[in-house]
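Before any comments, here is the structure.
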Amino acid sequence: MPNTIDEYIESLPEGNKEAFLQLRSVVKKNLPKGFEETFQYKMIGYVVPKKLYPAGYHVNPELALPFLHIAVQKSGLALYHMGIYADPTLLKWFQTEYPKHCKTKLDMGKSCIRFKKLEDIPWKLIGELVSKMSPKDWIHLYDSNLPKKKSKEDKAKKSNSKK
């Protein structure tokens with residue numbers, strides 16, 4: 001099991017390695033300054049470093065805030081873009097643009113865009129998607145979507161209303 005970016009790349013099957021390296025290159029070329037490449041969740045990831053967002057990821061504050069990950073899966077490549085998950089306007093833009101760049105049907109989960117036919121990957125569109133959100137934009141969007149912590153006063157009011 002790889003534990004670093006270099007080990008991950010070395011472990012890739014030859015059939016997917018070239019396309020994966022091209023995906024990584026497109027991401028790195030188009031990602032706004034301030035994100036940092038790392039190895040996270042057994043994938044290559046791009047995060048908001050702790051020096052820019054000291055609170056870290058709310059699920060695990062020890063981790064830098066995740067933004068985008070790329071991976072090779074059994075059936076092709078995957079791009080996990082948290083901004084597309086959190087911003088309905090960005091999602092709508094991508095869904096509208098995709099058919100203009102690609103003949104294949106969009107294969108997408110909440111944040112995961114899957115590419116099964118490596119020869120049909122819309123490189124220009126991926127570059128444009130990746131360029132649309134800066135670390136500052138992502139931090140603002142992330143913070144605005146976090147559940148608000150209840151104060152002790154709110155908890156006391158709720159407890160008293162049950163009596």
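Every number here is computed from the coordinates shown, using simple stated rules; none is lab data. Everything quoted here is computed from the prediction, not taken from an experiment. Neighbour counts are summed over all protein chains in view; Cβ atoms, including those assigned to glycine, are modelled from backbone coordinates with ideal geometry.
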Rounded to the nearest 10 degrees, what's the angle between the helix 88-101 long axis and the longest principal axis of the chain, both from Cα atoms, 0 to 90? 10
Fewest Cβ neighbours within 10 Å first, please rank F67, F39 accordingly. F39, F67
Quick note on W138, W93, ordering by fewest other C-beta atoms within 10 Å, gives W93, W138
Applying the gyration tensor rule to the Cα atoms of region 57-108 (axes a ≥ b ≥ c; rounded if a/c under 1.5, else prolate if a/b exceeds b/c, else oblate), the class is oblate
Determine the sum of side-chain charges near I44: Lys and Arg each +1, Asp and Glu each -1, restricted to other residues whose C-beta is under 12 angstrom from that of I44. -1
Quick check for me: using +1 on Lys/Arg Cβ and -1 on Asp/Glu Cβ, what's the dipole size of the chain about its Cα centre, in debye to the nearest 20? 1080
Listed residues Y57, Y41, Y85; largest mean-square fluctuation, Gaussian network over the chain with Cα springs below 10 Å, found at Y41
